[in-house]
2 protein chains.
Amino acid sequence: MAIEEPHTESDLSDRDWENARVSSAWFESESQDAELQALNSELSQWTDKSDTKRHLHRYRDGSTIDWLYEESLERERKHRLRSQRGARSILLPTLDTMKMWLVIVATGIGVGVTGAWLDVLVKWLGDIREGRCSYGFFYNQVACCSGLDPGEICTEWQTWSEWFRIRSILGQSLLQSFVYMALAVVFAGSAAILVQSYAPYAFHTGIPEIKAILGGYVLDAFLSPWTLLIKGLGLALSVASGLSLGKEGPLVHVACCMAYSLSGFFHQLRHNEARKRKLLAAAAVAGVSVAFGSPLGGVLFGLEELETFSNENDVIWRGFVTSVIAAVSLQYVDPFGTSKLVLFQVTSGSDTWRGFELVPWLFLGVIGGILGSVLIKLNVAAAVYRRNSILHEWPVLEVIGVSAVTAAISYLVVFLRVQSSELVANLFQECDANRGDYHGLCNPVAMWRNIFLLLLTAVVKIGLTAWTFGMMVPAGIFLPTIAIGASLGRAVGLLTQGLYRARPTSWVFSSCPPDPTVRCISPGFYAVIGASAMLGGVTRMTISLVVIVFELTGALSHVLPIMISVMVSKWVGDAFGEGGIYSAWIAMRRYPWLPSVEYRDKGGIAAHVMKPLEELVVIENHGCNLKDLNALVKTHRFHGFPVVQDGQLLGYVIRDKLGVFLESHLIGDDDSNRLERPCSFLHIGSDRSDTLNLSSILETSVLQLRQEVPQELVVNMFQKLSLRHILFTQSGKLKGMMTKTDVVSFLNAHFPHAAALAVPPGQMPYS
Amino acid sequence: MAIEEPHTESDLSDRDWENARVSSAWFESESQDAELQALNSELSQWTDKSDTKRHLHRYRDGSTIDWLYEESLERERKHRLRSQRGARSILLPTLDTMKMWLVIVATGIGVGVTGAWLDVLVKWLGDIREGRCSYGFFYNQVACCSGLDPGEICTEWQTWSEWFRIRSILGQSLLQSFVYMALAVVFAGSAAILVQSYAPYAFHTGIPEIKAILGGYVLDAFLSPWTLLIKGLGLALSVASGLSLGKEGPLVHVACCMAYSLSGFFHQLRHNEARKRKLLAAAAVAGVSVAFGSPLGGVLFGLEELETFSNENDVIWRGFVTSVIAAVSLQYVDPFGTSKLVLFQVTSGSDTWRGFELVPWLFLGVIGGILGSVLIKLNVAAAVYRRNSILHEWPVLEVIGVSAVTAAISYLVVFLRVQSSELVANLFQECDANRGDYHGLCNPVAMWRNIFLLLLTAVVKIGLTAWTFGMMVPAGIFLPTIAIGASLGRAVGLLTQGLYRARPTSWVFSSCPPDPTVRCISPGFYAVIGASAMLGGVTRMTISLVVIVFELTGALSHVLPIMISVMVSKWVGDAFGEGGIYSAWIAMRRYPWLPSVEYRDKGGIAAHVMKPLEELVVIENHGCNLKDLNALVKTHRFHGFPVVQDGQLLGYVIRDKLGVFLESHLIGDDDSNRLERPCSFLHIGSDRSDTLNLSSILETSVLQLRQEVPQELVVNMFQKLSLRHILFTQSGKLKGMMTKTDVVSFLNAHFPHAAALAVPPGQMPYS
């Protein structure tokens, strides 16, 4: 299933598309489905007979796979393997399983190693914005200064002004800030150019697309090796440019690209969409595992956010294996020589916390929920504005402009200037006389200055992140969110600590130890709470977030407060609008992804929302002939057609299958009589040999429901059985139909900008 | 829904039951369903009109709940709450949620505290089998000897012979062994008497029943406060008696009883079976969390083994909260003053392992898989033998006999004499000069003696466990399995270490450090691997097992070998027969529990397995009258009846609803004319006022499929949609029906002793 260039002959498609957008939601969705199939028009490839039998039905980018069909194919294949004669009946299935595990292990190792080297690359690119190592250009600051005794000052790492031996202070400042900003623009600009020129799908985080793909959406271009390469490179460049973005989400995309590329080597993985998706789920888990150094968090992320395992134990298990292998690989490569998976180690000083601290923590939870919603709304507004303004035409210039502005602002505020990961690591740390003071953060006298700077950092970062997430560079939302939350949390922590210092004997603080040298309030842990709350508000994840945060920080003893803050921020956030930032993007891009929310109807039945018979294109079995069928296949782009006789439903025929069948009976034969030949989808006796029997391609076991079924049951069936469509009948008579796309539009109707960024399939997201 | 004594007027029931057992699987299952409803005969309770409207349909022990119906009730209730006027529309739903969280938090705390005090009780009961504290009878050995300086010898704890000041060595031995055995018999006997007299459902582990209940089975007696009390007390006694059993599984049962009892205080939890089950799932997770000190493992256990969350994030989240609260409570009570959750801390000496060690580890995986299967088969054979022999009549005597034999054998072998948990803790520990030698385990000279004793321990424990698990005492399978596996693993570890000591320069050991004082092979970790493999073989769990083992031991660095051994043992075990020990018990007891295995048909369609129309009891709408309907309700015990007219399906009517309806129209009226009154399930005009309109109780939105649907889709729908029944129609004509019980019998057909232990509902498992 090679990735092809988008079609250019899409005149019809574009017009159809526009029609679809102005029509009602119900029309729209079915039209989209039709459109999704528009790329299917070349039937010629099926004339390769050897492949025809097994893979009659292929998908093009933009369509939705039929899980039931794919799984029945896979079942048949396995059955064939097992029914071989002799030792082959054992050997072949084993080999088959081995291949799958080979891909899983290779993906795990690949993701771990990639993650490690991305870290190294980002660190080096980030460091050369400030200076270089005197004895080698390709050393980063840490590597350059390694091997020193404690207390010794590193003279090998030189700022650019030192390297160029500039004496005047003004000159130093100018040179430093110029290099800082120039390199930011160069990095961000190169990332944008790479993405625009070679792999338009490499922009953004990729998680909404992965959710859609795992749910059955087909978007092969999104997972191509080119995308893998560009996303990796572009990610390093964009992170190093200092734009307000993180590398966590895109790493999940990179992991999926890797699994997809590797699976291409094996026939049975390449040709089964269901199997491929199970692999991708495992890869996504490995991506999270490496991004956060959190193997368990990765598995739970897969369960909660990607919602892909649906309780299939083997898929969970594969995800777990990939996750652990990836984490072990990362640890083995050990990019920074710490031999630790924990990224932001918190000081494990006192394991206890006091009851009164719940007040500031609850406050942080509420703030996290509110600001999370604000960030989502700003981001959606920015995305919609970008789409409809002149900026849409000049994505690279936009990136350059924003990176220049970001660099200029960031250079002025000390907490903004450093890389987000460094900022977070330091905000999570408690003050300790042995560790040195991070930019005066531990100076009790400068409390108000610190609080002001931290709040400023948070506000600026919210604005920058809302704009940046969605530009034409690879960009994750996790790290900036953590940074915003950590700044807020640390500020609240400093304030609480200040209160305690001002009135240590107040009844509020009576639970603090009497010995003033023992720390009562740990502002670093407030930063962890703030980060959790902010993440909760933005992503609306729960359990996987808690696990990720405590694997990230090692703060197992403080899991209860982390849980509480996540819970509160999710509740508060949901009050301002359901759904996290990924759901918002999925709705805006109109991917056919079914959220697993519990849908509640208000007593409505399926008949109210289905597409009624009058609006369906059906095949009437009585009196059908080849010519009509051929015209039908050529005219309509639907996935398939219901077949009826006198109103009674006979079954469903997939358009592609029908096309192949007609092709094989019409090919090389221009006899117009032949076109007039009658055909039937019913089993017919041999007495009417002139009638073409089409019963072999009719699917009779299609799912039918009565139209009185409650809407919620219909939604539930689509969610849990991964259906593509349901037909509604009454006493055997066809009454209507509903497809997955219909259900998605129906469930996403409450999003204010649903479908605002939708692009016709085949067109690139930025074209 | 009070728990009532089982019915005594079950003459009919018993006969039906016998009929059911001899008939074919398909008849059988439907008959069971009928039987399950046999307890429903008193319709009188529904005459309380105030309750009639909302709770027309109640369940008796032994029936299967209708998830869709329960959830629609809950939805309506929530809708009513929200549609209140003014502030109440916000206040009432909040209060509603608060109540649920109250139960969850209380359950978490309750389970944590119960777990902690059970530990204390077991430790004390176990210790007084060997001696007593000189200054107080109620101190256990550790508490008695606390407060000593390192190296000081504890003189306060005295063995019984010391206490009674017996000098002769023969007298000492006789007294010690007599007390040891006598107390074992007394403890085990009391546990059995308690269980038999007060709470027959308190025997065994409880996990199969919990799986069934969470899947929709109704068994309220299993969760009563009495069962809670007896299970807790009996558990402490049976564990302390030294029988080969553990407390982990029963703790899950205790947790569920606790949640059930607490939920009884709140109307809305008491009356909704679906909601109740979501609470029970959270409680079960808390039970595992406390049993193993493993909050994450508990959540994953819920996901993998109980298969109850089915991707509903709020249920996972509640489980996580309960799990963490329970773990924190346990840690807060801190029964042994270690302030650690990790039960069996492994020495974290060298974090590295060598490639050649994979060979013994893989060997352990294979052995674990084989012995796990053997243990399951022995256990099933023992259970079937017990059921069909005279032992069935004398359960208490059996327990007394087995505990005497166990005590006699155990007293002879040093590793068997100690409590299993102490044995496991010591087998997991590496040898360390500072720690002292545990019964000579670290003496290199005694290697062959140790290996022999460990293997003997494993073999004896397999035999004892296979018999004990299923006797009339609370008994878990986890700890004995861990002990068996740890003994085997330690033996293999000692052997490997012996080889290394004999030939340290061999090429095999070239990866060992050259310095002979650095440990190359850690036999303690081999014990962990052995335990994981054995658990994998017995329970066939995967990811949750790995997480539990590494939360249990803290061996995060060795997660890869643990994973490999679990994987291998599961593969090997599955080759000897699918399904873990819990599945085997579910099948033997014939609980209507649908395993979430991926079922693969061999091309079969629903028509082959459904119960065809000819065997169904249907209501013919045309010409029906009250008398016939009344006779139908009185005669048949099915859950409900399909209603047809001229073969066309009109809908489905639940027997209970029909009964209530008839009751209200027949009550206090003996007019026989009235009985002849015609009735109709169709909406009819007012012109025929003599016809009783039953359309209000007809469910028209019942799920229908065509009979050509593949079997696997039917199974899949039952699994994922938690359906109770599916009707099969063709062109609107009823063709057949299939219930959940049918599907369960169908899927469990491969178990050799399926339904061997089934008891009619209402009868106690041991009666």
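All of (1) at the interface with chain A (Cβ under 10 Å from one of its Cβ atoms); (2) open to solvent by 10 Å² or more (accessible area, probe 1.4 Å) hold for B:Val709 with one exception: (2). The set of residues in the range A:712-754 that are open to solvent by 20 Å² or more (accessible area, probe 1.4 Å), within 11 Å of another protein chain (Cβ to nearest Cβ) and not in a loop (DSSP other than H, G, I, E, B) comprises A:Glu712, A:Asn716, A:Gln719, A:Lys720, A:Gln730, A:Lys733.
Looking at A:Met541, A:Met534, A:Met563, A:Met588, just one residue is open to solvent by less than 20 Å² (accessible area, probe 1.4 Å), assigned to a loop (DSSP other than H, G, I, E, B) and not charged (D, E, K, R), and that residue is A:Met541. Whether any residue in the range A:508-527 is outside any loop (DSSP other than H, G, I, E, B) and basic (Lys, Arg) is what I want to check. Checked the range A:508-527: no residue is outside any loop (DSSP other than H, G, I, E, B) and basic (Lys, Arg).
Scanning the range B:125-158 for residues being under 18 Å from B:Lys247 (Cα atoms) and either touching a residue at least 60 places away in the same chain (Cβ under 8 Å) or assigned to a loop (DSSP other than H, G, I, E, B) (or both) gives a total of 2. Tell me which of these A:Val288 doesn't satisfy, since it passes every other one: (1) among the β-branched types (Val, Ile, Thr); (2) farther than 26 Å from A:Ala458 by Cα; (3) out of contact with any His (no Cβ under 7 Å at 6 or more places or on another chain). Unmet condition: (2).
Is there a residue being more than 11 Å from chain B (Cβ to nearest Cβ), part of a loop (DSSP other than H, G, I, E, B), on the phi > 0 side of the Ramachandran plot and surrounded by fewer than 22 Cβ atoms within 10 Å (Cβ to Cβ) anywhere in the range A:568-584? Within the range A:568-584, one or more residues are more than 11 Å from chain B (Cβ to nearest Cβ), part of a loop (DSSP other than H, G, I, E, B), on the phi > 0 side of the Ramachandran plot and surrounded by fewer than 22 Cβ atoms within 10 Å (Cβ to Cβ).
Looking at (1) of a type outside the set (Phe, Trp, Tyr); (2) within 14 Å of chain A (Cβ to nearest Cβ); (3) open to solvent by 40 Å² or more (accessible area, probe 1.4 Å), find the lone condition where B:Leu92 falls short. With (1) of a type outside the set (Phe, Trp, Tyr); (2) within 14 Å of chain A (Cβ to nearest Cβ); (3) open to solvent by 40 Å² or more (accessible area, probe 1.4 Å) applied to B:Leu92, the lone miss is (2).
What residue, among those in the range B:416-429 that are assigned to a helix (DSSP H, G or I) and within 18 Å of B:Met181 (Cβ to Cβ), is most open to solvent (accessible area, probe 1.4 Å)? Give the derivation first.
Step one: list which residues in the range B:416-429 are assigned to a helix (DSSP H, G or I), which gives B:416-417, B:420-428.
Within this subset, residues satisfying the condition of being within 18 Å of B:Met181 (Cβ to Cβ) are B:416-417, B:420.
Numbers: B:Leu416: 11, B:Arg417: 86, B:Ser420: 18 Å².
Among residues in the range B:416-429 that are assigned to a helix (DSSP H, G or I) and within 18 Å of B:Met181 (Cβ to Cβ), the one most open to solvent (accessible area, probe 1.4 Å) is B:Arg417.
Suppose we filter B:Leu280, B:Leu306, B:Leu269 for residues that are within 14 Å of another protein chain (Cβ to nearest Cβ) and aliphatic (A, V, I, L, M); which single one remains? Going through B:Leu280, B:Leu306, B:Leu269 in turn, just one is within 14 Å of another protein chain (Cβ to nearest Cβ) and aliphatic (A, V, I, L, M): B:Leu306.
Filtered by the rule that a residue be surrounded by 23 or more Cβ atoms within 10 Å (Cβ to Cβ) and over 30 Å from A:Asn388 (Cα atoms), the range A:451-481 gives a lone residue, A:Leu454. Hey, could you check the range A:684-705 for residues that are modelled with pLDDT of 75 or more and open to solvent by 30 Å² or more (accessible area, probe 1.4 Å) and say which is nearest to the other protein chains (Cβ to nearest Cβ)? My answer is A:Glu699.
Scanning the range B:544-560 for residues that are among the hydroxyl-bearing types (Ser, Thr, Tyr) and surrounded by fewer than 22 Cβ atoms within 10 Å (Cβ to Cβ) gives a single hit, B:Ser557.
Scanning the range A:304-321 for residues that are among the charged types (D, E, K, R), modelled with pLDDT under 80 and open to solvent by 20 Å² or more (accessible area, probe 1.4 Å) yields A:Glu307, A:Glu312, A:Asp314.
Residue-wise test of (1) in contact (Cβ under 8 Å) with a residue 40 or more places away in the chain; (2) of a type in the set (A, V, I, L, M, F, W, C); (3) closer than 19 Å to A:Gly440 by Cα.
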{"position": "A:Val459", "(1), (2), (3)": "no, yes, no"}
{"position": "A:Gly470", "(1), (2), (3)": "yes, no, no"}
{"position": "A:Ala483", "(1), (2), (3)": "yes, yes, yes"}
{"position": "A:Pro513", "(1), (2), (3)": "no, no, no"}
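Matching residues to (1) assigned to a helix (DSSP H, G or I); (2) modelled with pLDDT under 75:
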residue: B:Val643; (1), (2): no, no
residue: B:Gly651; (1), (2): no, no
residue: B:Gly659; (1), (2): yes, no
residue: B:Asp669; (1), (2): no, yes
residue: B:Leu682; (1), (2): no, no
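The values are calculated or read from the model by the stated rules, or taken from the named source; none is laboratory data. Computed from a predicted model, the values in this text were never measured in an experiment. Note that each Cβ is placed from the backbone with ideal geometry, even for glycine, and that neighbours are counted across all protein chains shown. Surface accessibility is based on the protein's heavy atoms, side chains included, excluding ligands, DNA and RNA. Shrake-Rupley method; radii C 1.70, N 1.55, O 1.52, S 1.80 Å.
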